[in-house]
Amino acid sequence: MPIMDGYEATRRMKAIRDTPPVIALTAFALTEDAARCLQAGCDFYINKPIDTASFAADLKRLQTQFNARAQ
């Protein structure tokens, strides 16, 4: 992104409002990359290529977590 990267965009969004959840989708697959995304405020980290079956299961799990948190 020309003005800011995804890490900064996530930090700014989370500073304003904690929801909706932010899912990091990146080609970077190292453990440090996942940690950096989560430290920036992302709620979940997925690296490419996406396994559609596990992606759907992950989204359902994330939805359940956020629904419980919202109550």
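The values are calculated or read from the model by the stated rules, or taken from the named source; none is laboratory data. None of these values were measured; they are calculated from a predicted model. Here the Cβ is made from the backbone with ideal geometry for all residues, glycine too, and neighbour counts use every protein chain on show. Ligands, DNA and RNA are stripped out before the accessible areas are found, and what is left, the full protein with its side chains, is counted by its heavy atoms. Shrake-Rupley method; radii C 1.70, N 1.55, O 1.52, S 1.80 Å.
Any residue that is in a loop (DSSP other than H, G, I, E, B) and surrounded by 10 or more Cβ atoms within 10 Å (Cβ to Cβ) - is there at least one of those in segment 59-66?
Taking segment 59-66 as the starting set, the residues that turn out to be in a loop (DSSP other than H, G, I, E, B) are none.
Within segment 59-66 (the criterion being in a loop (DSSP other than H, G, I, E, B) and surrounded by 10 or more Cβ atoms within 10 Å (Cβ to Cβ)), the answer is no, since none of the residues qualifies.
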Members of segment 1-41 that are under 14 Å from the mean Cα position of the chain (by Cα) and among the hydroxyl-bearing types (Ser, Thr, Tyr): Tyr7, Thr10, Thr19, Thr26
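Tell me, yes or no, whether segment 29-36 has at least one residue that is in a helix (DSSP H, G or I) and touching a strand residue (DSSP E or B) at 6+ places or on another chain (Cβ under 8 Å).
Taking segment 29-36 first, the residues in a helix (DSSP H, G or I) are 31-36.
If we keep only those that are touching a strand residue (DSSP E or B) at 6+ places or on another chain (Cβ under 8 Å) too, we end up with 33-34.
Checking segment 29-36: at least one residue is in a helix (DSSP H, G or I) and touching a strand residue (DSSP E or B) at 6+ places or on another chain (Cβ under 8 Å).
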Pairs with Cβ under 7 Å, 6+ apart, first in segment 33-47 and closer than 14 Å to Glu8 by Cα, second among the charged types (D, E, K, R) and outside any strand (DSSP E or B): Ala40/Arg11; Gly41/Arg11; Gly41/Lys14
Can you pull out the residues in segment 1-25 that are among the hydroxyl-bearing types (Ser, Thr, Tyr) and either closer than 20 Å to Ala70 by Cα or touching a Cys at 6+ places or on another chain (Cβ under 7 Å) (or both)? Thr10, Thr19
Being among the aliphatic types (A, V, I, L, M) and open to solvent by 60 Å² or more (accessible area, probe 1.4 Å) is the filter; apply it to segment 26-53 and report the residue that is nearest to Ala70 (Cα to Cα). Leu38
